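Below is one structure, written out as structure tokens, with a few remarks after it.
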Amino acid sequence: MWRTRVHMRTREHTHKYTHTHKHTQVPHRRSPSPTRTLSLCCCQIKAWKARHKGECKAAARADTRTAAKLTADQVRVLKMLDQLAGAADWRGVAAQEGAARAVAAAVRTSMPGIASCVYCILGNAYGNLGNFSKALEHHTQCLAIAKERGNRAGEGGAYGNLGNVYQLQGDFSKAIEYQTQCLAIAKEVGDRAGEGKAYGNLGCVYESQGNFSQAIEYHTQRLAIAKEVGDRAGEGRAYANLGNAYQSQRDFSQAIEYHGQDLAIAKEVGDRKGEGAAYANLGIAYQSQGDNAKAIEYHGQDLAIAKEVGDRAGEGRAHGNLGISYRWQGDFSKAIEHHTQCLAIAKEMGDRAGQGKAYANLGACHLHLNEYVKAVAYFEAQHALATSLKLAHVQANAALNMGVALTLHVRAARQGPVADADQAPGPHSRSSACLDDRVREAAKWLQTAFDGGRAVAKLHLAHLTFYAGQEDAALAHLKEHLSKVVQGGRDTCAGCWQTRGEDTPMLTCSGCRVARFCSADHQKMASKKAASGGNLIMGRHKDMCGLLRKWREAVKDGVAPDSCTADLVAFLQR
């Protein structure tokens, strides 16, 4: 459906969040989007070996000199944290929060490096679990400790992790502020590898903002530094993020080329998880081109690898992407099957943000099947999770989804004995009073969505009020919506409904001379029937094209708006 779709790309096509104590390369999201996971660098006592680099290694050396002061219980807690984090068992880490914080508080003065590491692991855990306020709390502790110690490298790492969390929250200005501080410190201390990672993270934030040329510039710098320092894995991440950026620009051939290079490097270094993530990104690229068969093939390879290596999060990602591909094919039963498995894994992993995306996708499938009660239940669950996670943009999406589902339910009831496959007796009966309640509830959610920045809610308010017999109100809502589309939104594709950068070439509809599209494929997508997987939220461009042309003449060419009234009413009557 929409903005909530889960295409998790590798760096996630949805951001999955696995960070390093040092800054990390955020996988790019496009959710509806698989993330390339970011390596977690824990640190600080002898028993915590192999993955420690840079300032973590230095802190480890300093703190292990006093490791004898650790009690047996403290050592047990630290080892447990390391094992859980290494296994990406974030729920397990969160379960140890009380004991871990007690250790951090006890050693903060004598062994600040260990305390910092504990807070970093807790921050990573809560970031992966979607509890961003707690993630920020713990990474802020890391920053405070680094400042107390005068550890500039550690300070930069903390800024990087804070920037990653803000990006996941959708606060891009703060994300850029913190990643820029991370980059400045990396340059100051001569950390070329850290500088490269900061460029990569900035590139991901700018892509999320729709500034693709700036994103490509930063990812190109990330790639150059990775080559300079001999970081093959970093090269792979840079190629993947470049692929994501070019895909966002709708340059699919270039995107596929870069994702292919990422895949080749993952195979070369024996990184099976990275290989799966590259297949996921390739699947998303082909999906964006409208090649569902290729997309399903690559997402299937991603799923097979995830099962092979025991990567449950990767399995969930693959199921989510397969569900989206099948939905675009119009195979809603298979889509529901995969999204249900995605939801089960998200629950198992304690991934609340992932649960919300699965709820949204399941709601979309049931909406296409005219199963309005089930759709509303899933969208309510999506909204509840977004509210608990304080994700305002997702709350607005969920409100829009619920408003549309309820509006379609009202329309079905007004049209008489149509089949709402999951219609149940009782509160959802078609009594007049119940129908009026449903109209009010739908209006409430659509207004909430509009207030949250979802302008298309006005179109659905027009339909809703028309179904409720309020023609004048319906016409007012429709005119407001059409004026908004004609006067603005020139950087938004009417096929995929994603905002593009000013430098992105787009096609203009020759019929209405208003709607713009990323590509000819997306122009076809815009008029796809709902039964074949088309967009129920944004509606079909084919149905709006003539009306947009006439309203454009009214707004820009001085034609009397009243001359369009008959056309507006005819549109609402469809």
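The values are calculated or read from the model by the stated rules, or taken from the named source; none is laboratory data. Keep in mind it's a predicted model, so treat the numbers as computed, not measured. Here the Cβ positions follow ideal geometry from the backbone for every residue, glycine too, while neighbour counts run over all protein chains shown.
Exactly one residue among 170, 203, 210 is under 27 Å from residue 317 (Cα atoms) and in contact with a strand residue (DSSP E or B) (Cβ under 9 Å, 6 or more places away or on another chain), and that residue is 210.
Looking only at helices (runs of 4 or more DSSP H) that lie completely in segment 199-294, which have at least 2 residues being of a type in the set (S, T, N, Q) and under 23 Å from residue 183 (Cβ atoms)? Fully inside segment 199-294 and qualifying: 212-228, 232-248. From the list 232, 237, the one residue that fits, being assigned by TED's automatic domain parsing to the domain that holds residue 314, within 20 Å of residue 201 (Cα to Cα), among the basic types (Lys, Arg) and touching a Lys or Arg at 6+ places or on another chain (Cβ under 6 Å), is 237.
The helices (runs of 4 or more DSSP H) falling completely within segment 485-574 that include 3 or more residues that are crowded, with 19+ Cβ neighbours inside 10 Å, at pLDDT 70 or above and not charged (D, E, K, R) map to 541-556. Annotation for segment 352-360: no member residue is more than 17 Å from the chain's Cα centre (by Cα), farther than 23 Å from residue 493 by Cβ and modelled with pLDDT of 95 or more. Suppose the filter is β-branched (Val, Ile, Thr), surrounded by 21 or more Cβ atoms within 10 Å (Cβ to Cβ) and within 25 Å of residue 388 (Cα to Cα); does residue 324 pass it? Considered against the rule, which asks whether it is β-branched (Val, Ile, Thr), surrounded by 21 or more Cβ atoms within 10 Å (Cβ to Cβ) and within 25 Å of residue 388 (Cα to Cα), residue 324 comes out as no. Every listed requirement among (1) in contact with a helix residue (DSSP H, G or I) (Cβ under 7 Å, 6 or more places away or on another chain); (2) part of a helix (DSSP H, G or I) is met by residue 110 save one, (2).
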